[in-house]
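The values are calculated or read from the model by the stated rules, or taken from the named source; none is laboratory data. Keep in mind that this is a model prediction, so the values were computed, not measured. Here the Cβ positions follow ideal geometry from the backbone for every residue, glycine too, while neighbour counts run over all protein chains shown.
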């Protein structure tokens with residue numbers, strides 16, 4: 001193995017060094033580089049009167065994400081939730097850590113697939129409700145593989 | 001004095017578990033994840049373990065078995081695993097003031113002095129990680145790191161423990177009973193060769209090793225084994241490394257999907273790796289003082305002529321500029337490249353890494369160029385972050401990457417690429 005230790009000032013290293021210098025600064029002479037020192041920005045002028053009021057700029061992440069470890073984004077495909085303002089192609093902000101209460105919109109796993117629906121707890125058991133007149137309610141059958149993957153906290157919709 | 005209590009939290013078949021989070025249809029099915037280039041099995045679902053498939057076996061030898069049992073094989077998706085690992089570690093950090101992230105799927109936590117029932121506390125960790133991420137974990141608790149590892153092994157292999165095993169809650173007699181049933185090779189730090197040597201000395205079980213006098217071992221083994229025996233006896237010799245030191249080296253290396261003898265292929269690969277390494281460097285706000293390139297043929301193809309060579313290029317000044325790093329890497333590659341060999345692997349290593357804030361100013365610093373470079377790299381990273389990695393790259397990296405890794409069946413990068421989010425159906 002050829003290894004040019006940076007701590008050696010061997011001829012090989014010097015050769016490699018100068019080869020690199022010419023590679024990285026192809027058109028600059030030493031003189032030009034020294035002149036660059038003088039081009040440094042020099043602070044001058046009046047201090048901004050707003051300096052004392054500088055605060056942290058607002059962040060959407062902060063607003064939309066309550067638990068950053070358990071929050072994931074998902075993409076919506078289909079129209080069945082448009083009654084609740086969730087459209088095809090929208091971006092869901094889903095939190096896995098919050099409990100799925102009656103009436104909340106969830107990402108559920110039904111027979112191994114992700115689906116977005118409103119979750120209702122009824123006397124007959126859990127019901128998944130779409131928000132579209134053409135789609136009927138779906139009662140979760142006991143033999144069905146069903147679980148709540150996460151609770152939809154926000155929907156991001158492009159206007 | 002309060003009893004020392006160290007927990008080791010380990011994710012169960014982590015890569016497979018990560019895949020199942022975003023492909024719930026894989027639940028209950030036999031699934032394996034393969035290493036780079038789809039070479040070996042690196043993670044197995046419990047269903048696959050039950051079929052008797054071993055870890056690290058070459059995949060092509062397993063194809064018949066896979067077909068018979070309908071085993072689903074996925075290529076490794078490290079972007080996904082790394083993100084979920086970070087989430088696991090940061091959730092675990094809430095459970096102890098002292099954490100050592102030991103690997104992508106394991107973490108030590110110091111529970112000493114936390115005045116709760118440790119087994120219940122560990123169940124809360126399991127529940128939290130399952131609920132927040134959908135990943136199953138097991139926890140071992142003991143007075144030393146070596147014992148915590150062993151406790152974790154016990155928790156994993158024995159369903160009645162419910163995923164948590166606290167050695168501190170067991171009596172000496174109960175512990176010894178357990179240790180008598182565990183192979184000495186399972187002990188953390190006892191490798192294959194040491195196991196063979198120990199077996200020759202009639203040391204078969206963990207209990208045998210625990211009861212072997214230190215001075216008896218000192219003659220035949222290194223001090224490391226002596227320390228392991230002390231740890232097995234509940235004397236903590238290894239402390240938790242709380243602070244992960246900033247990386248002193250950044251390595252990007254990979255085997256090619258197919259062997260290549262062409263310099264242009266190697267150049268593309270080296271530029272791609274140097275680009276990736278430079279991104280990592282900027283992520284940790286550091287600069288590199290040198291870059292090493294190495295290439296080698298496939299040492300397992302004994303009939304092919306073999307060649308391997310490496311070269312370290314010192315940089316004129318510490319930098320994180322992709323262009324300068326690539327330039328230097330290519331310069332090195334062209335010096336070590338020899339025609340007529342079938343190359344299997346190239347790697348790029350950044351060395352002499354320093355924090356960007358610690359860069360010494362010199363008289364010849366070209367401040368304007370440095371500022372421009374910094375701004376350009378920031379823009380590059382921002383675009384690649386928001387629009388997908390590789391959106392903007394050096395032309396040298398090439399558009400045709402036929403040398404690249406074989407990753408035939410890789411899942412989407414659900415948490416790190418906008419274009420690859422999981423899709424949620426809103427139709428009947």
Can you find even one residue in the range B:200-208 that is assigned to a helix (DSSP H, G or I), in contact with a helix residue (DSSP H, G or I) (Cβ under 7 Å, 6 or more places away or on another chain) and either within 14 Å of another protein chain (Cβ to nearest Cβ) or buried (at least 17 other Cβ atoms within 10 Å of the Cβ) (or both)? yes
Does any residue of the range B:113-125 turn out to be within 14 Å of chain A (Cβ to nearest Cβ), out of contact with any strand residue (DSSP E or B) (no Cβ under 8 Å at 6 or more places or on another chain) and at pLDDT 95 or above? yes
Yes or no: residue A:120 more than 9 Å from chain B (Cβ to nearest Cβ) and closer than 21 Å to residue A:144 by Cβ? yes
Number of the condition not met by residue B:323 [criteria: (1) part of a strand (DSSP E or B); (2) under 18 Å from residue B:288 (Cα atoms)]: (1)
When the range A:123-144 is examined, which residues are found to be at the interface with chain B (Cβ under 10 Å from one of its Cβ atoms) and over 30 Å from the mean Cα position of the chain (by Cα)? A:134, A:135, A:136, A:138
Among the residues of the range B:279-289, count how many are within 23 Å of the chain's Cα centre (by Cα) and either within 14 Å of chain A (Cβ to nearest Cβ) or assigned to a strand (DSSP E or B) (or both). 2
Does residue B:292 count as within 11 Å of another protein chain (Cβ to nearest Cβ), part of a strand (DSSP E or B), in contact with a helix residue (DSSP H, G or I) (Cβ under 9 Å, 6 or more places away or on another chain) and surrounded by fewer than 18 Cβ atoms within 10 Å (Cβ to Cβ)? no
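Would you say residue B:181 is touching a helix residue (DSSP H, G or I) at 6+ places or on another chain (Cβ under 8 Å) and either in contact (Cβ under 8 Å) with a residue 12 or more places away in the chain or in a helix (DSSP H, G or I) (or both)? Please lay out each step first, then the result.
Working: touching a helix residue (DSSP H, G or I) at 6+ places or on another chain (Cβ under 8 Å): no; either in contact (Cβ under 8 Å) with a residue 12 or more places away in the chain or in a helix (DSSP H, G or I) (or both): yes.
Criteria not met by residue B:181.
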Sort out which residues of the range B:407-428 are more than 11 Å from chain A (Cβ to nearest Cβ) and within 10 Å of residue B:80 (Cα to Cα), and write them in order of number. B:411, B:413
Test residue B:333 against the stated conditions and say whether it is away from chain A (no Cβ under 11 Å) and either in a helix (DSSP H, G or I) or surrounded by 14 or more Cβ atoms within 10 Å (Cβ to Cβ) (or both). yes
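Residue B:135: in contact (Cβ under 8 Å) with a residue 24 or more places away in the chain, closer than 29 Å to residue A:149 by Cβ, within 19 Å of the chain's Cα centre (by Cα) and more than 14 Å from chain A (Cβ to nearest Cβ), yes or no?
no
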Breaking point among (1) surrounded by fewer than 19 Cβ atoms within 10 Å (Cβ to Cβ); (2) touching a residue at least 60 places away in the same chain (Cβ under 8 Å), for residue B:93: (2)
Residue pairs within 8 Å by beta carbon, gap of at least six or interchain, first lying in the range B:339-366 and more than 13 Å from chain A (Cβ to nearest Cβ) and at positive phi, second assigned to a loop (DSSP other than H, G, I, E, B) and surrounded by 14 or more Cβ atoms within 10 Å (Cβ to Cβ), listed first then second, are B:340/B:261
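Yes/no matrix, rows are residues, columns are (1) at pLDDT 95 or above; (2) farther than 30 Å from residue B:94 by Cβ:
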{"site": "A:1", "(1), (2)": "no, yes"}
{"site": "A:29", "(1), (2)": "no, yes"}
{"site": "A:40", "(1), (2)": "no, yes"}
{"site": "A:45", "(1), (2)": "no, yes"}
{"site": "A:48", "(1), (2)": "no, yes"}
{"site": "A:62", "(1), (2)": "no, no"}
{"site": "A:73", "(1), (2)": "yes, no"}
If you go through B:312, B:259, the only one that is part of a strand (DSSP E or B), touching a residue at least 24 places away in the same chain (Cβ under 8 Å) and within 14 Å of chain A (Cβ to nearest Cβ) is B:312
Sole miss for residue B:398 among (1) on the phi > 0 side of the Ramachandran plot; (2) modelled with pLDDT of 80 or more is condition (2)
Please determine whether any residue of the range B:1-17 is surrounded by 15 or more Cβ atoms within 10 Å (Cβ to Cβ), touching a helix residue (DSSP H, G or I) at 6+ places or on another chain (Cβ under 7 Å) and within 14 Å of chain A (Cβ to nearest Cβ). no
For the range B:354-383, enumerate the residues that are buried (at least 17 other Cβ atoms within 10 Å of the Cβ) and either closer than 30 Å to residue B:302 by Cα or modelled with pLDDT of 85 or more (or both). B:377
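Within the bounds of the range B:220-236, is there any residue that is outside any helix (DSSP H, G or I) and touching a strand residue (DSSP E or B) at 6+ places or on another chain (Cβ under 9 Å)?
Yes.
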Condition broken by residue B:100, with the remaining ones in (1) farther than 23 Å from residue B:157 by Cα; (2) modelled with pLDDT of 95 or more satisfied: (2)
Selection from the range A:61-82 of residues that are in contact with a strand residue (DSSP E or B) (Cβ under 9 Å, 6 or more places away or on another chain) and facing another protein chain (nearest Cβ under 8 Å): A:67, A:70, A:72, A:73, A:74, A:75, A:76, A:77, A:78, A:80, A:81
